[in-house]
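**Student:** Please find one structure pasted underneath; my questions will follow.
Values in this text are rule-based calculations from the coordinates and carry no lab data. Because the structure is predicted, anything quoted here is derived from the model rather than measured. Heads up, the Cβs are rebuilt from the backbone with ideal geometry, glycines too, and the neighbour counts pull from every protein chain shown.
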Amino acid sequence: MVMAIFKPFKLDDVRDALTALGIQGLTVSEVRGFGRQKGQTEIYRGAEYAVSFLPKVKIEVVIDDGLVDRAVDAIRKAAGTDKIGDGKIFVHGIEQAIRIRTGESGLDAL
Amino acid sequence: MIRKFRDAATGLGVAGAILLPMAAWAADEKPGLDTGDTAWMLTSTALVLMMTIPGLALFYGGMVRKKNVLATVMQSFAVTCLVTVLWMAITYSLAFTSGSSVVGGMSRVFLAGMGLDSVHDLAKTIPESVFMCFQMTFAIITPALIAGAFAERMKFSAMMWFMGLWAVVVYAPIAHWVWGGGFLGDWGVLDFAGGTVVHINAGVAGLVCALVLGKRKGFGADNMAPHNLVYSVIGASLLWVGWFGFNAGSAAGASVNAGMAMAITQIAAAAAALAWMFAEWISRGKPSVLGIVSGAVAGLVAITPASGFVNPTGALAIGLIAGLICFWGATGLKHAMGYDDSLDAFGVHGLGGFAGAILTGVFTVEAIGGTGKKGLIDGNPGQVLTQLWGCLVCIAWCAVATFVILKVVDVVIGLRVTTEEEVEGLDINLHGETVH
């Protein structure tokens, strides 16, 4: 499974890049967090407030092991802006996948 | 303003003589009444009411946190209703009937004797009912402004008691001193539309409230960012438009003075908005939306006492100076002193009102203000001192009386909500409702 966290405005680009690889589905969540980008500062009439957590999107996509490298590459290209705060990609294994409607399992379920 | 009314009345006499051949057409009118003046004052009254509801309600409502929006707009609305009833019952009489030089009399208690034919001495060309309503809208916005200082932490019951007492004990006498035939008017203090009576008064009362109630829980540590600045932009814009009724309406008629007051008001508001915006841009790196609208309000506050007495150049200067002073008040002074004037009732209205009152003494010119009204630039430096004395008297009475009222209300019912209610929000705890 590939999980990626990146800037919200790049979501459509990432989706397009992944569907171009033939990937048939992914899950999106709106999340907040911080990394090296830290937060931002808002100032209202001289009162400064640090915004500690910035909004990001997280996608989770379960794919055949053979596609993982190409998928990671596609996400990097589509989500990257070369600036701090672009996000991260995590890859980990999945024990089993089952399609609820038919009961198919393994690669057939993807 | 008193002298302004007298000048307007004299002007009407001349106009009346010119219009003598049309006397048959005017036969249905009461002697001295002017339909043009009356129409403009009806309009002005509606404009000034609009400043409080919804103008000020939205201006303040947008600046608080989401859990306190309804409680904040409720304050403006409830004060509007409360002051209206009090004005009818007693405060109009205390402010605007002849009594002593300190307070008016009781002859208009419950508006006794005010009929269709009644005319007030200060505005002889309009019905007294219109004069009474116009002045009422000033009495409404003044206490409503104070609420900015104690936003997000005062009990609603305590707020109602405080506002009611304050309207009678502080607003009515000060309005009488300056406009109603009291001693400040006799001293020659110039306050065209309420810089002292409305803005210094509300600002100083706000500062006392902020000090007596103490800071909001988490002040300086928690994120207290405004929940919706679009509300504040709408509110500030309604205030700006309504201010034409406030200042140009204070000419008490559809006169040349009203026209000039409108022009001057617009110039000062825009100048102060730019001054605040550029000051913030230079010192903090970004021109903020809250900054530019706050600057506009600061300019409107400062030009209020001067709006019938200065020329357009004076208005430009007053706007620029007030924008910078109020920027410092809301972003520098407050944080340096550490008080929690939550929405800057003192920083904008107190400081802006004071700056405007003093600058009125500087920039008043006889060519606009009328015979005998001269400021520093017109060769009468003494006017600055007169203005200063007027301010100090009002500040002293307002501060002392506000403090006493707060202490009394605190002892009897308590001023602040509990910490738990404050953290959870006033909307759900005081009013049983939440916004969207």
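**Student:** Any idea what the relative contact order of segment B:226-293 is, in percent, if you count C-alpha pairs under 8 Å spaced at least 6 apart? Could you put the intermediate results ahead of the total?
**Tutor:** On the way: 47 pairs, mean separation 21.6, N = 68.
Value for segment B:226-293: 32 percent.
**Student:** Ordered by packing density, taken as the mean number of other Cβ atoms within 10 Å over each peptide's residues, highest first, how do B:164-171, B:329-336 rank? Intermediate results must be reported in sequence, preceding the final value.
**Tutor:** Working: B:164-171: 22.2, B:329-336: 19.2.
Descending packing order for the listed peptides: B:164-171, B:329-336.
**Student:** Let me ask something else about it. Once you place label points 7 Å from the Cα toward the Cβ at residue A:1 and residue A:30, how far apart are they in nm?
**Tutor:** Distance between label points: 2.3 nm.
**Student:** Let me ask you something else. For segment A:2-109, what is the charge dipole size about the Cα centre, in debye to the nearest 20, if Lys and Arg each add +1 at the Cβ and Asp and Glu each add -1 at the Cβ?
**Tutor:** With only Lys, Arg, Asp and Glu charged at Cβ, the dipole is about 500 debye.
**Student:** While we're looking at this one, here's another question. Between residue B:433 and residue A:108, what FRET efficiency follows from the Cβ-Cβ distance if R0 is 60 Å, with the result rounded to 0.05? Walk me through the numbers on the way to the answer.
**Tutor:** On the way: r = 53 Å, r/R0 = 0.89.
Plugging the Cβ-Cβ distance into 1/(1 + (r/R0)^6) gives 0.65.
**Student:** Treat the count of other C-beta atoms within 10 Å as a stand-in for reagent exposure and order B:310, B:102 from fewest to most.
**Tutor:** B:102, B:310
**Student:** To the nearest 20 debye, what is the magnitude of the charge dipole of the protein assembly as shown about its Cα centre, counting +1 on the Cβ of each Lys and Arg and -1 on the Cβ of each Asp and Glu? Show your work: numbers first, answer last.
**Tutor:** Working: 37 positive and 41 negative charges, 155 e Å.
Value, rounded to 20: 740 debye.
**Student:** Next up: With runs of 4+ DSSP H residues as the only contributors, calculate the mean residue ellipticity of chain B at 222 nm using -39,500 (n - 2.57) per run, divided by the residue total and rounded to the nearest 500.
**Tutor:** Values: 19 runs with 257 residues, N = 436.
My calculation for chain B gives -19000 deg cm²/dmol from helical runs alone.
**Student:** What is the Rg over Rh value, at two decimals, for segment A:2-109, using alpha-carbon atoms and the Kirkwood definition of Rh? Write out the running numbers ahead of the final one.
**Tutor:** Values: Rg = 17.1 Å, Rh = 15.6 Å.
Across segment A:2-109, the Cα-based Rg/Rh ratio is 1.09.
**Student:** To the nearest 10 degrees, how steeply does helix B:289-303 sit against the main Cα axis of chain B, on a 0 to 90 scale?
**Tutor:** 40 degrees
**Student:** Treat the count of other C-beta atoms within 10 Å as a stand-in for reagent exposure and order B:288, B:93 from fewest to most.
**Tutor:** On the way: B:288 19, B:93 24.
Listing B:288, B:93 from fewest to most nearby Cβ atoms yields B:288, B:93.
**Student:** If one takes the longest principal axis of the Cα atoms in chain B, at what angle in degrees, from 0 to 90 and to the nearest 10, does the Cα axis of helix B:256-284 lie?
**Tutor:** Helix B:256-284 and the main axis of chain B meet at about 20 degrees.
**Student:** Sorted by mean Cβ packing within 10 Å, highest first, what order do the peptides B:42-53, B:226-237, B:369-380 take?
**Tutor:** Numbers: B:42-53: 21.2, B:226-237: 19.5, B:369-380: 17.5.
Descending packing order for the listed peptides: B:42-53, B:226-237, B:369-380.
**Student:** Assuming R0 = 25 Å, what is the FRET efficiency of residue A:49 and residue B:237, from their Cβ-Cβ distance, to the nearest 0.05? Please list the in-between numbers first.
**Tutor:** Working: r = 25 Å, r/R0 = 1.01.
My answer for the efficiency is 0.50.
**Student:** What list do you get for B:341, B:37, B:410 if you sort them by fewest beta carbons within 10 Å? Please report the intermediate quantities before stating the final value.
**Tutor:** Working: B:341 27, B:37 22, B:410 15.
In order of increasing Cβ crowding within 10 Å: B:410, B:37, B:341.
**Student:** Still on this structure: Note down the nm distance, to one decimal, between modelled labels 7 Å out along Cα→Cβ at residue A:95 and at residue B:412.
**Tutor:** In this crude label model, residue A:95 to residue B:412 measures out at 7.0 nm.
**Student:** Right, another one. May I ask you to evaluate 6.51 cos²θ - 1.76 cosθ + 1.60, the Karplus curve with θ = phi - 60°, for each residue of segment B:228-238 and list the ³J(HN,Hα) values in order in whole Hz, giving x for glycine and proline?
**Tutor:** Values, residue by residue: 7, 6, 4, 4, 5, 5, 4, x, 5, 5, 5 Hz.
**Student:** In addition: What's the average, rounded to a whole number, of partner chain beta-carbon atoms within 10 Å of each residue's beta-carbon in B:286-294?
**Tutor:** Working: counts 2, 0, 4, 1, 3, 4, 0, 0, 2.
Partner Cβ neighbours, averaged per residue: 2.
**Student:** Return a whole-number percent for the relative contact order of segment B:231-372, with Cα pairs under 8 Å and 6 or more residues apart as the contact set. Could the numbers behind the result be given before it?
**Tutor:** Details: 240 pairs, mean separation 36.9, N = 142.
After rounding, I find 26 percent.
**Student:** With a cut-off of at most 16 other beta carbons within 10 Å, and DSSP calling the residue loop, which trypsin sites (Lys or Arg not before Pro) in segment A:15-110 qualify? Please list them. Write out the running numbers ahead of the final one.
**Tutor:** On the way: sites: A:15, A:32, A:36, A:38, A:45, A:56, A:58, A:70, A:76, A:77, A:83, A:88, A:99, A:101; in loops: A:36, A:38, A:45, A:83, A:99, A:101.
Passing both the DSSP loop test and the Cβ count: A:36, A:38, A:83, A:99, A:101.
**Student:** Give A:58/B:67; A:10/A:56; A:38/B:67 a once-over and call out the pairs whose C-alpha atoms are over 18 Å from each other. Working shown, then result.
**Tutor:** Details: A:58/B:67 29 Å; A:10/A:56 10 Å; A:38/B:67 27 Å.
Pairs exceeding the cut-off: A:58/B:67; A:38/B:67.
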